[in-house]
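What follows is a set of notes on a single structure, which appears directly below.
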Amino acid sequence: MIDPGFFLEIIPKLLAGLPLTLELAGTSVLLGFGLALVLALAQQGERTYAVLPIRIFVAIFRGTPLLVQIFLIYYGLGQFRPALQSVGLWWLFREPYWCAIIALTLNTGAYGSEILRGAIRNVPRGLSEAALALGLNRFRTMRLVVLPLALRQALPAYSNEIILMVKGTSLASIITLTEVTGIAQELISQTYRAIEVFIAAGAIYLILNFLIVRGLTLLEARLTPYRQR
Amino acid sequence: MTFRRLAAVAATFMTLLSAPLAGAADAPKEIKIATEGAYAPWNFTNAEGKLDGLEIELANDLCARMKIKCTIVAQNWDGLIPSLTVGKFDVIMASMFITPKRLETIDFTQPYAVDPSGFAVAKNSDLGKLGISKEKFKLEDEAASKAAIEKLKPLLKGKVVGVQSGTTNLDFLKKYFADTVEIREYKTTEQHDLDLAAGRVDALFAQQTALAATLAKPEFADYTIAGPGFVGGVFGLGTGAGLRKEDKALKDMFNKAIDAAIADGTIKRISEKWVHTDVTPVK
């Protein structure tokens, strides 16, 4: 039943979806990191009017499945076309590609902000006090002392999040985007050979994530040479 | 774990995966029928959460004729044929057309319905102004169907057309309209209906009876079925019940029951109730 020739036939077809998978993952990880950083920093001031909305946003996006979020942003907001048209946002929500980017970005932004918030809090207080004592203002203390340390510490946890996002892109196939998983499902409906197709698709994600983990491990090693043995 | 033991485990798995399924040699007493449950009015989940529709009523009728106990379950369209072949259920009745490609993997009963496919578009669009046509083109009749397709092409140029993936409707679009329209694939027809209402797609391509059921809803008041219907060719021989190739006895039972349901007018009655037209196959 398992036929090596069949793998050679389907793998190139699956790889045709890889650029879209990478594009979705890359764009949402980058935008999501920006969002996460803003959200984490905005919570440093501990002002309720800033913190409370962020806590609610994070609770919603961490507490609901990504699949539901993608569905709601695409099919849910699709029902409010007149309202979206009147505020000039329909061009964005009309396209499945942008709906997927928005859902993935908001999701990873919520998770990422928690990772960064924890990392910032874990930077020893003495360091920022020392920086303040040297005459740095709060902004420069954050930028020059706290953030570099925090981002370095956050890297292992954040690499986890990046991998989750790469796998999360597979859900984009439900809103008509034919990335790797979407093509896999198409191939299954043409060949009815679910096992081989999903093994091949799984292997593509495995190799992709292996490369990402290697890259991030190298980056981590570069950033923390003192930990090398 | 040593490599040898690992290899042994892997080998066991491979055997399990490729183990031939016990084929039912005798006539079964009890079977499980799978449908999609998302293709109104053929098969869908009604307001009470129960499966309902033309094929559900027909399945119950056929089971009563065959004097066997049937359980009807819902399964994603994508997973119907793979699940049938691995034995999750015994029969597919999900408005599935009998095509040569599907016949490579599974077997079918004789058709119990023949239903043309066509486009649904906004009434004020180029194609919509044509309005609904009772014309039916057999794709085997190449000259006539090609002329009909060429007439549609300029009216659909550059439009986005929603279609369910893994269907013969998609095969049709890819074969005849790939150079004219942008094809967008959906998991269920309910999802492309939502996107037609939202204006993300300009047209739908599906079975005309299913489109008629969608367009009967109030939010589709400005939409219409337009142009002729297409049958045959990539659409195959019509809608049949899918079975595993080894279940010969079950296939004979179904064929006899379908013959009887055609002969006594049951299929005509059920189809007029659900799709307001007679889809009984002409022998």
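Descriptive notes on the structure:
- Counted over chain B with a bin width of 10 Å, the fraction of Cα pairs per bin, in whole percents, is 6, 27, 32, 20, 10, 4, 1, 0.
- Cα-based equivalent ellipsoid of the protein assembly as shown: semi-axis lengths in Å, sorted from largest, via gyration tensor: 51, 30, 20
- For segment A:31-39, Karplus couplings with θ = phi - 60° (6.51, -1.76, 1.60), whole Hz, Gly/Pro x: 4, x, 5, x, 4, 4, 5, 4, 5
- Rg over Rh, two decimals, segment A:87-137 (C-alpha only, Kirkwood Rh): 1.35
- Note, ³J(HN,Hα) from phi for segment B:142-154, Karplus 6.51, -1.76, 1.60, rounded to Hz, x at Gly and Pro: 4, 4, 5, 6, 5, 4, 5, 5, 4, 6, 6, 3, x
- Semi-axes of the equivalent ellipsoid for segment B:64-217, Cα gyration tensor, largest first, Å: 30, 18, 15
- In segment A:23-169, the C-alpha radius of gyration followed by the widest Cα-Cα span (Dmax) gives 17.6, 56 angstrom.
- Cα gyration tensor shape of segment A:160-215, rounded if a/c is under 1.5, else prolate or oblate by comparing a/b with b/c: oblate
- Euclidean distance between Cα centres, segment A:132-179 to segment B:188-209, Å: 39 Å
- Ordering A:29-35, B:221-227 by mean Cβ neighbour count within 10 Å, with the highest value first, yields B:221-227, A:29-35.
- Of B:SER165, B:GLY118, B:LEU139, farthest towards positive along the dipole that unit charges on Lys, Arg, Asp, Glu beta carbons give segment B:104-175: B:GLY118
- Beta bridges by DSSP in chain B, antiparallel share as percent, to the nearest 5: 50 percent
- Built amide H within the under 5 Å cut-off of B:ALA34, gap 5+: B:VAL73, B:ASP90, B:VAL91, B:ILE92, B:MET93
- Potential extension, A:LEU15-A:ALA203 segment - 0.36 nm per residue separation minus Cα distance: 66.6 nm
- Averaged over the residues of A:135-141, the number of partner chain Cβ atoms lying within 10 Å of the residue Cβ comes to 0.
- Convex hull volume of the Cα atoms of segment B:162-283, normalised per residue: 131 Å³.
- Lysines with Cα under 19 Å of B:LYS159, excluding same-chain neighbours fewer than 8 positions away: B:LYS123, B:LYS129, B:LYS151, B:LYS174, B:LYS175
- Evaluating 6.51 cos²θ - 1.76 cosθ + 1.60 at θ = phi - 60° for every residue in segment B:255-266, the Karplus couplings come out as 4, 5, 5, 5, 3, 5, 5, 6, 4, 8, x, 5 Hz, glycine and proline recorded as x.
- Here the mean projected area of the convex hull built on the C-alpha positions of segment A:95-170 is 5.8 nm².
- The listed peptides A:109-121, A:188-200, A:210-222, ordered by packing as a protection proxy, come out as A:109-121, A:188-200, A:210-222 (highest mean of other Cβ atoms within 10 Å first).
- Percent of Cα pairs exceeding the 12 Å cut-off, where the set is segment A:128-179: 71 percent
- Taking the fewest neighbouring Cβ atoms within 10 Å as the starting point, the ordered list for B:HIS276, B:HIS192 is B:HIS276, B:HIS192.
- One chain, two ends: B:GLU272 and B:GLU135. Fully extended at 0.36 nm per residue, the span grows by 47.4 nm beyond their Cα-Cα distance.
- Separation of the B:ALA74 and B:ASP179 label points, Cα + 7 Å toward Cβ, nm: 4.2 nm
- Straight-line reach from B:LYS245: taking Cα to Cα under 25 Å and skipping same-chain neighbours fewer than 8 places apart, the lysines in range are B:LYS29, B:LYS32, B:LYS67, B:LYS69, B:LYS88, B:LYS101, B:LYS256, B:LYS283.
Every number in this text was worked out from the coordinates using simple rules, so none of it is lab data. These numbers come from a predicted model, not from an experiment. A quick note on method: Cβ atoms are made from the backbone with ideal geometry, for glycine too, and the neighbour counts reach across all protein chains shown.
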